[in-house]
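Undergrad: A single structure is presented below for examination.
No lab work stands behind these numbers, since they all come straight from the coordinates. Since this is a predicted model, take the numbers as computed values, not measurements. Backbone-built Cβ (ideal geometry, glycine too); neighbour counts: all protein chains shown.
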Ligand SMILES: *Cc1c(COP(=O)(O)O)cnc(C)c1O
């Protein structure tokens, strides 16, 4: 019996001996919790996003970053926050955990990002914030979104989970709004296992977010238990346990040093996919907008049953049989029972997000993919799609 091809795991992180060595060094140092490596990671991340070191706070997830950002932004209980239906559930859940009310505004069918006109249409007297998600790393239209926010006196909090490298008109994403929230989850562009970062425009707001992320305590443990003598802390607010560990920062420090090399690798894979799929009846990602930098986090293709002769789920199954892992980013938020039950939402209310979510499939784009892996993905996609549409391509 022929050996099976190894299963190509979707979103596998690119980890090397240097990440392993830094984690071992961290363990040998005896300092596992929040400490010097977390401080260095914050410092280097601030440099990468071109903000001051006192404008960032490392936390243990992007979900945590979103949660404490919304509290630190001082929004009133029950206020409405406008966001996209084409996002991970964490975006919406964080709004609810901050005692705020999520309001969805549909996406642009081409960019897959929240449509500024739909934001404007969703504004009510209770709206206090906009939470744009830079889908797949493609920047939202931040000039228009910031203008709307200014006109209506709204806070902007950016979900930058896909957008570590992204820029809009030369400015790093995460620095337009009051807060930018980043993820270092295992599938993201910089990996710490679990991890996140808050970037804040206002140093007082980011200081409050940092305090909320560690029990609402006035001084963090690194300073309390260091060699400068015991320091009493005060609990100033009822906070959370959201701090990043040095063990996580150890991975992040090495990963961040590779962020541009990994982006270049994904760019090469992206171009290869664009070229290899150009003649197939698939929807491909829209080219990046002028004067923007795309984070290239997800390469999503659209499987239109009418054009492809198969459903999206049929495509996913066929890829799985070819031992290639895929993802779905995302079934629109109102497809999930909780949001239907709790908010009375129906997918049809946001037709673009619904339609994209039912047709989309994400192909492997990890910088850990070898050239052979990439060619394997291409061959599988071409074989699966062409098997269903032989006439169109042979005949036309
Ligand atoms: C991954 C992700 C999050 C959550 O990030 P965590 O670090 O896992 O909490 C939030 N929003 C979007 C768009 C994401 O993709």
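Undergrad: Once the Cβ-Cβ distance between residue 96 and residue 368 is put in as r, and R0 is 45 Å, what FRET efficiency do you end up with, to the nearest 0.05?
TA: 0.85
Undergrad: Which of the three applies to the stretch 148-283, rounded, prolate or oblate, going by the alpha-carbon gyration tensor with a ≥ b ≥ c and a/c under 1.5 meaning rounded?
TA: In terms of gyration-tensor shape, oblate.
Undergrad: Pull out the extension gain between residue 218 and residue 346, defined as 0.36 nm times the separation in residues minus the alpha carbon to alpha carbon distance; nm, one decimal.
TA: Length difference between fully extended and current span is 41.7 nm.
Undergrad: OK, next. Please arrange 297, 271 by how many other C-beta atoms lie within 10 Å of their C-beta, fewest to most.
TA: 271, 297
Undergrad: Which of these, 125, 172, 109, has the largest mean-square fluctuation under a Gaussian network model of the chain (Cα springs below 10 Å)?
TA: In this elastic network of the chain, the residue with the biggest mean-square fluctuation among 125, 172, 109 is 125.
Undergrad: Does the stretch 63-126 classify as rounded, prolate or oblate by the C-alpha gyration tensor (a ≥ b ≥ c root eigenvalues; a/c under 1.5 gives rounded; else a/b over b/c gives prolate, otherwise oblate)?
TA: The shape class here is oblate.
Undergrad: Another question about this same structure. Grab the DSSP H runs of the chain that are 4 residues or longer, score each as -39,500 (n - 2.57), total them, divide by all residues and round the 222 nm result to the nearest 500 deg cm²/dmol.
TA: The helix contribution divided over the chain gives -12000 deg cm²/dmol.
Undergrad: Name the residues of the stretch 143-169 whose amide N is less than 16 Å from a point 7 angstrom out from the Cα of residue 120 along the C-beta direction?
TA: Under 16 Å, as judged by backbone N against the label point of residue 120, lie 143-154 of the stretch 143-169.
Undergrad: If each residue's Cβ is checked for other Cβ atoms within 10 Å, how do 70, 354, 52 rank with the fewest at the top?
TA: Final ranking by Cβ density, sparse to dense: 52, 354, 70.
Undergrad: For helix 17-29, what angle does its Cα long axis make with the longest principal axis of the chain, in degrees from 0 to 90 and rounded to 10?
TA: On a 0 to 90 degree scale, this one is about 20.
Undergrad: Rule-of-thumb check for the stretch 259-388: C-alpha Rg over 2.2 N^0.38 Å?
TA: The stretch 259-388 yields a ratio of 1.14.
Undergrad: What would the Debye equation give as log₁₀ I(q)/I(0) for the chain at q = 0.06, 0.07, 0.10 Å⁻¹, counting only Cα atoms as equal point scatterers?
TA: -0.25, -0.34, -0.68
Undergrad: Quick one: among 371, 106, 227, which has the greatest mean-square fluctuation in a GNM of the chain with alpha-carbon springs under 10 angstrom?
TA: 227
Undergrad: Please find, in a Gaussian network model of the chain (springs between Cα atoms separated by less than 10 Å), the residue of 209, 361, 161 whose mean-square fluctuation is greatest.
TA: Taking springs between Cα atoms under 10 Å, the residue moving most is 361.
Undergrad: Moving to a separate point now. Residue 328 to residue 89: extension gain in nm, 0.36 nm per residue of separation minus the Cα-Cα distance?
TA: Value of the extension gain: 84.8 nm.
Undergrad: Still on this structure: Using only Cα positions of the stretch 1-56, each an equal point scatterer, no hydration layer, compute I(q)/I(0) via Debye at q = 0.14 Å⁻¹ and quote the log10 values to two decimals.
TA: -0.62
Undergrad: Give the separation of the Cα centroids, the stretch 1-64 to the stretch 261-339, in Å.
TA: Value for the Cα centre distance between the two parts: 26 Å.
Undergrad: Next question. For residue 236 and residue 147, compute 0.36 nm times the residue count separating them, minus their Cα-Cα distance, and round to one decimal in nm.
TA: 28.6 nm
Undergrad: Can I ask one more? Report, to the nearest 10°, how far helix 203-212 tilts away from the longest principal axis of the Cα atoms in the chain, using its own Cα long axis and a range of 0 to 90°.
TA: The two axes meet at around 90 degrees.
Undergrad: Let me ask something else about it. State whether the stretch 82-182 is rounded, prolate or oblate according to the following rule on the C-alpha gyration tensor (a ≥ b ≥ c being the square roots of its eigenvalues): a/c under 1.5 gives rounded; otherwise a/b larger than b/c gives prolate, and the remaining case gives oblate.
TA: Because its axes are fairly even, with a/c under 1.5, the stretch 82-182 counts as rounded.
Undergrad: Follow-up question, since we're still on this one. Among 370, 218, 69, 61, what is the fewest-to-most ranking by other Cβ atoms within 10 Å?
TA: 370, 218, 61, 69
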